[in-house]
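The values are calculated or read from the model by the stated rules, or taken from the named source; none is laboratory data. Everything quoted here is computed from the prediction, not taken from an experiment. Ideal geometry is used to build each Cβ from the backbone, glycine not excepted, and the neighbour counts take in all protein chains shown. The accessibility values were calculated without ligands, DNA or RNA, using every heavy atom of the protein model including side chains. Shrake-Rupley method; radii C 1.70, N 1.55, O 1.52, S 1.80 Å.
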Amino acid sequence: MKNTTTHVEPEGCKRWAPAINAALVAFVLIVLPLFVLLGGRNGEKPAVWIKTAVGDLRRGCSDEVSLPNENAPTHADKLLGGLLVEGFDQESCRSRYQSAMYRRNAGRQPSQHLVSKLRSHEALQRRCGPGTAAYTNALEQLKSGKSVVSPECRYLVSISYRGLGNRIIAAASAFLYAVLTDRVFLVDPSNGMDELFCEPFPNTTWLLPPGFPLVSYQGFYLSTPERYGKMREDGVLRTGEINGSAAGDLPAFAYIHLDHNQTDADKLFFCDDDQRLMSSIQWLVMRTDGYIAPGLFLVRAFQSELDALFPERDAVFHHLGRYLFHPTNRVWGLITRYYDAHLARARRVVSIQVRVFPWQADSPELLEQIKTCTQSQKLLPAVLGEEDDGPPAAAPGGAAKPTAVLITSLKAWYYDKIKGAYWERATANGEVVVVDQPSHEEAQRYHVKSHERKAWAEVYLLSTADTLVTTAESTFGYVAQGLGGMRPWVLRMGMINTTVSWPCSRDVSMEPCYHVAPVYDCRRREDAGKIVPHVRHCEDWPTGLKLVD
C-alpha cells in the first residue's frame with residue numbers, strides 16, 4: 001500500500017479558490033524568466049526561491065493537523081459509507097467513529113439497500129425493543145405459554161457461548177436472520193458481550209435485559225421440548241397448507257438448535273416451508289456457534305432480498321461485523337495504544353495469526369511453514385545465511401520505515417523464533433523488519449474478563465494490517481479477515497481431508513466458513529455447495545459452506 005498522510009485543515013481555513021491558483025501559476029510564469037535574467041536573489045537558485053515564496057504564501061492557512069494513523073487512507077470515512085449513523089455519544093464508545101483512522105484498508109462500500117434496511121431495523125428495535133410497551137406485552141404473552149395469531153412484534157434471542165470468534169460470527173449471522181425476518185435482535189449478555197462490545201443500535205439496546213421469563217434459556221439443548229427440530233419430528237409442528245399447524249396451536253416460542261450436533265430435523269430451519277411456519281412464532285431462541293449466513297442464502301424466500309442487500313456476496317460479514325462490533329473504550333485503549341506504539345509508523349504491516357491448542361507442543365514444522373509461506377509469497381523478505389555479512393549498515397536514525405509483523409498466538413515460542421530470525425540475520429533486500437506480539441496467555445481461559453479483552457483487541461489489531469496470514473479453520477482468523485476486508489493467506493497445517501503440499505494458499509473469499517452446514521437441498525438430494533453459484537464448499541473445511549463473489 002502506498003504510504004499517505006491524512007491531514008485535516010484547521011478550523012477557519014479554506015482551500016484556495018481556482019482563481020487564486022490560476023493567479024499563482026501566472027505569477028510563476030511571469031516572474032521566473034525575469035528572475036533568471038536579473039540573476040536571482042543573493043545567488044539563490046530560481047527554483048529554490050520560487051518554492052520558498054510559494055510556500056510562504058500558502059503557509060498562512062496550511063498548518064496541517066495529522067490524524068492518529070499517518071498511513072490511514074486520505075478518504076477515511078467515519079460512517080463507513082452509511083453503515084453507521086450519527087447521534088451516538090462519541091465519548092461512550094470512541095471506537096465507533098475512530099476505527100476508520102486505524103484501518104489501512106478502507107474496505108468495501110455497502111449497498112444503499114443495506115443502509116436503508118439497517119435504518120429500518122434500528123427503528124424496529126426502538127419501537128419493539130426493551131423498555132417499550134410492545135416488549136412488555138410480548139413478555140406477558142411469553143409467560144402465558146400461548147401463541148399470538150398476529151403478533152405486533154417478533155423477537156430473536158441469540159445465546160452467547162464458546163470462544164470469542166465463535167460468538168462474533170454467530171451473533172453476526174443471527175442478526176442477519178433477524179433483519180431478513182423483521183425480528184428484534186437480542187443478544188444473551190453473558191460471556192462478556194456487554195463488556196466487550198458497544199451498543200450497535202441508537203437509543204435502544206441489543207442486550208437481553210434481566211428478568212427474561214425463560215429463566216433456563218442458556219441451558220437449552222437437544223432435550224428441550226420446545227426445540228424446533230424435535231417438535232417437527234414429534235408432529236407437534238407441521239408444514240403445508242392442508243395439514244399445517246394452525247396459528248392458534250403454535251407454541252409461544254421455539255428453540256432453534258444449530259450447534260455441532262444438530263439433527264436433520266434441526267436443519268429444516270433452512271427450508272422455505274419451515275421458515276413460513278416459524279414466521280408465526282413470536283419468540284425464537286437460537287443456539288449456534290457458527291456462521292449460518294451461507295445457509296440463509298439457500299432459502300429461496302430470502303434470495304432476492306439478500307441479492308439486493310449484498311450485491312458483493314463475499315462482503316456479508318465484512319459489513320455486518322463493522323456495523324455491529326465496536327470495541328468498548330477499555331478494549332479500544334488496548335488497541336490504540338498498541339497500534340500507535342508498534343504499527344502506526346510502519347511502511348507495511350503483516351499480521352500472522354497462529355492458532356494452536358494448549359495441549360499442542362511447539363511445532364518446528366509449523367514454524368517452517370510460516371517461514372516458507374511468508375517468504376515464497378513475498379509477504380516478508382528472506383534472511384541471509386550465517387556466511388553472509390549482509391548489506392552495509394544504515395546510518396543511525398535513517399528515514400526508511402520498517403515492515404511491522406504482528407503475531408497473535410497463545411504461545412510465545414513462534415514469536416521468539418520469528419523475531420530472532422530477523423534480529424540475528426540481515427534481510428536479503430535490506431528491508432527492516434520489526435516483529436511484535438501483544439500477549440501470550442499460553443492457554444485459552446474462558447470467562448476471564450482480562451483474557452477476553454486481550455483476545456478481542458488482538459483480533460481487531462489483526463484486521464488493521466495490510467496483509468493477513470491465518471490458520472485454517474480458525475474463527476479468530478475469520479473475524480479478523482472479515483473486519484479487515486482481506487482475503488488472507490491460509491496456513492494449511494491442520495486442514496482436514498487435504499493432500500496438498502504447499503504451505504499456504506490465498507483464500508477465495510474473506511467470508512467465514514460455516515462448518516456445520518446443511519449437506520443437501522431441502523427438496524432434493526442436491527449438494528448444498530452446488531445449488532447457487534455464490535455458495536461453495538470451504539477449502540479449509542470441505543464439508544462446510546462459504547460465500548464467494
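Scanning the stretch 131-174 for residues that are without any contact (Cβ under 8 Å) to a residue 24 or more places away in the chain and of a type in the set (A, V, I, L, M) yields a count of 2. Here is a list: 95, 111, 173. Which entry is among the hydroxyl-bearing types (Ser, Thr, Tyr), surrounded by 20 or more Cβ atoms within 10 Å (Cβ to Cβ) and over 30 Å from residue 337 (Cβ atoms)? Only one candidate passes the filter, namely 173.
Among the residues of the stretch 326-355, those that are open to solvent by less than 60 Å² (accessible area, probe 1.4 Å) and closer than 20 Å to residue 420 by Cα comprise 343, 346, 348, 349, 350, 351, 352, 353, 354. Restricting 192, 219, 229 to those that are modelled with pLDDT of 95 or more and in contact with a His (Cβ under 9 Å, 6 or more places away or on another chain) reduces the list to 229. Exactly one residue out of 234, 314 is charged (D, E, K, R), more than 25 Å from residue 153 (Cα to Cα) and in contact with a Leu (Cβ under 9 Å, 6 or more places away or on another chain): that is 314. What number of residues within the stretch 175-214 are part of a helix (DSSP H, G or I) and in contact (Cβ under 8 Å) with a residue 24 or more places away in the chain? Of the residues in that region, 9 qualify.
One line per residue, one yes/no per condition, for (1) modelled with pLDDT of 95 or more; (2) at negative phi; (3) in contact with a strand residue (DSSP E or B) (Cβ under 9 Å, 6 or more places away or on another chain); (4) in a loop (DSSP other than H, G, I, E, B):
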site: 509; (1), (2), (3), (4): yes, yes, yes, yes
site: 512; (1), (2), (3), (4): yes, yes, yes, yes
site: 516; (1), (2), (3), (4): no, yes, no, yes
site: 523; (1), (2), (3), (4): no, yes, no, yes
site: 532; (1), (2), (3), (4): no, yes, no, yes
site: 541; (1), (2), (3), (4): no, yes, yes, yes
site: 546; (1), (2), (3), (4): yes, yes, yes, no
site: 549; (1), (2), (3), (4): no, yes, no, yes
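For the stretch 288-305, the tally of residues that are within 21 Å of the chain's Cα centre (by Cα) and either within 21 Å of residue 261 (Cα to Cα) or open to solvent by 10 Å² or more (accessible area, probe 1.4 Å) (or both) stands at 9. For the stretch 408-420, the candidate set comprises residues that are open to solvent by 40 Å² or more (accessible area, probe 1.4 Å) and touching a residue at least 24 places away in the same chain (Cβ under 8 Å); within that set, the residue that is nearest to residue 362 (Cα to Cα) is 413. Looking across the stretch 447-494 at every residue that is surrounded by fewer than 24 Cβ atoms within 10 Å (Cβ to Cβ) and of a type in the set (Asp, Glu), the one that is nearest to the chain's Cα centre (by Cα) is identified as 466.
Within the stretch 483-506, one or more residues are in a helix (DSSP H, G or I), out of contact with any His (no Cβ under 6 Å at 6 or more places or on another chain) and modelled with pLDDT of 95 or more. Condition (residue is more than 15 Å from residue 518 (Cα to Cα) and in a loop (DSSP other than H, G, I, E, B)) applied to the stretch 264-271: is it met by at least one residue? Within the stretch 264-271, none of the residues are more than 15 Å from residue 518 (Cα to Cα) and in a loop (DSSP other than H, G, I, E, B). Residues that are surrounded by 20 or more Cβ atoms within 10 Å (Cβ to Cβ) and closer than 19 Å to residue 324 by Cβ within the stretch 205-231 comprise 206, 208, listed in sequence order.
With the requirement that a residue be among the charged types (D, E, K, R) and without any contact (Cβ under 8 Å) to a residue 60 or more places away in the chain, what does the stretch 94-130 give you? Passing the criteria: 119, 127. Of all residues in the stretch 307-323, those satisfying the criterion of being surrounded by 21 or more Cβ atoms within 10 Å (Cβ to Cβ), of a type in the set (A, V, I, L, M, F, W, C) and within 16 Å of residue 116 (Cα to Cα) are 309, 310, 316, 320. Take the stretch 506-549 and flag every residue that is aromatic (Phe, Trp, Tyr) and open to solvent by less than 40 Å² (accessible area, probe 1.4 Å). 514 - this is the single residue of the stretch 506-549 that is aromatic (Phe, Trp, Tyr) and open to solvent by less than 40 Å² (accessible area, probe 1.4 Å). For residue 280, work out the one condition from (1) in a helix (DSSP H, G or I); (2) in contact with a helix residue (DSSP H, G or I) (Cβ under 6 Å, 6 or more places away or on another chain); (3) hydroxyl-bearing (Ser, Thr, Tyr) it doesn't fulfil. Every condition holds for residue 280 apart from (1).
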